[in-house]
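Take a look at the structure below.
The values are calculated or read from the model by the stated rules, or taken from the named source; none is laboratory data. Remember, predicted model here, so these are calculated numbers, not experimental data. Cβ atoms come from the backbone with ideal geometry, glycine included; neighbour counts cover every protein chain shown.
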């Protein structure tokens, strides 16, 4: 019930705050997450405040989450340059998710000057750790015709790997490869199967793609 949930929230905040006061940086991540994720007590400002405290104290998860909140402007003024700085600090400490965000920043010129080479460098580091969104991004880099590393077969293999690791946007990318014959043989039946898989995994726009291909086969 709501009262029980509120008591649980209060208890969690109490223990995390006590740990934070005792000099445990990770506790700030717990506090920030409470205010970020609890539907009944959502407070972006308090989440950002605690992530900032934890980031300043050296907690990697807080650095990453503070970067995301700065990037989105949630509970704190939007500041892409400072967001990039926190992603970099966490990435330098081998955080795969932050390495992926750095890749995205360099690709889009977000908070830093656009730099394809550095984007690739950070994407490779994140992908080597098995971080599925980075593996998918790496696949897209191999699919870019204007790139020196253009290799659609490799891109297709990476999309498959990202999908196997549970990154469902990659299901759509695999489907597109089958639809257009990118890095694999063109196969509309398989494309439909992958679009339907994506749809069942929550990528709802994939249903329309599958239906369009079915019309072509009828």
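Residues of the range 139-155 being in contact with a helix residue (DSSP H, G or I) (Cβ under 8 Å, 6 or more places away or on another chain) and either within 21 Å of residue 64 (Cα to Cα) or not in a helix (DSSP H, G or I) (or both), which ones? Full working, then the answer.
The initial filter retains those residues of the range 139-155 that are in contact with a helix residue (DSSP H, G or I) (Cβ under 8 Å, 6 or more places away or on another chain), namely 139-143, 147, 149-152, 154-155.
143, 147, 149, 150, 151, listed by residue number.
Among the residues of the range 40-48, is any modelled with pLDDT of 95 or more, closer than 27 Å to residue 164 by Cβ and not assigned by TED's automatic domain parsing to the domain that holds residue 174?
no
What are the residue pairs meeting all of these: first residue in the range 196-210, first residue not assigned by TED's automatic domain parsing to the domain that holds residue 168 and in a loop (DSSP other than H, G, I, E, B), second residue modelled with pLDDT of 95 or more and crowded, with 18+ Cβ neighbours inside 10 Å, Cβ atoms under 6 Å, and 6 or more apart or on different chains?
That search, which allows pairs on different chains as well, returns nothing.
Among the residues that make up the range 114-121, is at least one of them in the same structural domain as residue 37 (by TED's automatic domain parsing) and either surrounded by fewer than 20 Cβ atoms within 10 Å (Cβ to Cβ) or in contact with a strand residue (DSSP E or B) (Cβ under 8 Å, 6 or more places away or on another chain) (or both)?
No - not one qualifying residue is present in the range 114-121.
Here are 139, 183: which of them is surrounded by 14 or more Cβ atoms within 10 Å (Cβ to Cβ), within 30 Å of residue 102 (Cβ to Cβ) and touching a residue at least 40 places away in the same chain (Cβ under 8 Å)?
Of 139, 183, the one residue that is surrounded by 14 or more Cβ atoms within 10 Å (Cβ to Cβ), within 30 Å of residue 102 (Cβ to Cβ) and touching a residue at least 40 places away in the same chain (Cβ under 8 Å) is 183.
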